[in-house]
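What follows is a short report on a single structure.
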Amino acid sequence: MSKRIFRPLATSALISSLFLSATSSATIVEFQTSQGDFQVNLYDQTTPKTVENFISYVNKASYSNTVIHRSVNEFIIQGGGYDVDEESFLQPIETDPAVINEPIYSNVRATIAMAKLGGDPNSATSQFFFNLGDNSANLDLQNGGFTAFGEVIGDGMVVVDKIANLGTCVYNNSITDIPMHQAEELGCANLPDPLSDQYVTIYQVTIVDASVNTADDLTPTLSIDTDHDGVVNDQDAFPEDASEWLDTDGDGIGNNKDDDDDGDGVLDINDAYPLDPERSQAPDTSDSSGGSFGFLGLFALAAMRMRRLFKR
């Protein structure tokens, strides 16, 4: 599919972009959109595979003439999935193999993160989203955590918020929550045709600083679930060990590896209450005659049933 760049580019800027795109990695990229431009500082030293994947799409101009296809109020705006064909219809862009998940940092406001398929932590390809608020309690925990791999810098969130404040429509009965120019003023059914001027278009994403250490002065927030075991750090006795989270007796050995979780001297295998140091024996259910009350009760019921059968 041929790409159309709607925004004219100065020759010097184009040459600069082509020169920088030859580098293998980059730290600062600029999104040039129909709502304004903003820059993103990438964490290429701490999320290298994700940044390498993103930059490969940038270098191939895969994001040129794509659209922001999803906007959820106070949550996220999402792009990187669709471009516009000659008839102004949306078409999925070609994608590369999925990238491994690198969920080190938290999904707080102004971070860019990779979108992926539900139930598959390592399924991210081309699509990304910007967090409009602190989504850590949700996105740091579900689906193995979502990889935040950069953050909007400067006053860039002014542009991101401008996009988020647009009205949304349903596209072709398939893509919901797509932001559209004039959607609030005219309503989705009355938007001008063709729709190309109504989309929030990403004209292109360019590399503006290819040095790998521009993130040194940033202080990104670590994920609230470092080991991504589904237990937040402040409730996890072993926040960097996904195989353990509970240490009942506080001996530094996780319950999965500890043979005596409650530290009462009785091995868990012989302990009726392995998490209660005050008791370990099951209650005695036998009656005073030494027999089992449960067994005698069942025997009596069986005897009564047999008597009824013989009376018929």
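The values are calculated or read from the model by the stated rules, or taken from the named source; none is laboratory data. Please read all numbers here as calculations on a predicted model, not as lab measurements. Positions of Cβ are backbone-derived with ideal geometry, glycine not excepted, and every protein chain shown enters the neighbour counts. For the accessible areas, the whole protein counts, side chains as well, though only heavy atoms, and no ligand, DNA or RNA atoms are used. Shrake-Rupley method; radii C 1.70, N 1.55, O 1.52, S 1.80 Å.
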### Query
Has segment 82-97 got at least one residue that is farther than 30 Å from residue 195 by Cβ and either surrounded by fewer than 23 Cβ atoms within 10 Å (Cβ to Cβ) or out of contact with any Ser or Thr (no Cβ under 7 Å at 6 or more places or on another chain) (or both)?
yes
### Message
Conditions first: (1) small (Gly, Ala, Ser); (2) at pLDDT 75 or above; (3) more than 30 Å from residue 140 (Cβ to Cβ). Residue 250 passes all but one, so which condition is the exception?
### Response
(3)
### Query
Residues of segment 98-114 being among the aliphatic types (A, V, I, L, M) and either over 25 Å from residue 171 (Cα atoms) or open to solvent by 20 Å² or more (accessible area, probe 1.4 Å) (or both), which ones?
98, 99, 100, 104, 108, 110
### Message
What's the total number of residues in segment 157-173 that are in contact (Cβ under 8 Å) with a residue 40 or more places away in the chain and at positive phi?
### Response
1
### Query
Would it be correct to say that residue 172 is open to solvent by less than 20 Å² (accessible area, probe 1.4 Å) and of a type in the set (S, T, N, Q)?
no
### Query
Which ones in segment 89-114 are in a loop (DSSP other than H, G, I, E, B) and more than 22 Å from residue 226 (Cβ to Cβ)?
89, 93, 94, 95, 96, 97, 98
### Matching strands (runs of 3 or more DSSP E) fully within segment 166-245 where at least 3 residues are closer than 27 Å to residue 144 by Cα
175-179
#### Entry: Flag for residue 64 being of a type in the set (Gly, Ala, Ser) and under 22 Å from residue 206 (Cα atoms)
yes
### Task
Pairs only if they're at least six apart or on different chains, beta carbon under 7 angstrom, first in segment 211-227 and more than 21 Å from residue 101 (Cα to Cα), second among the aliphatic types (A, V, I, L, M); list them, first residue then second.
214/28
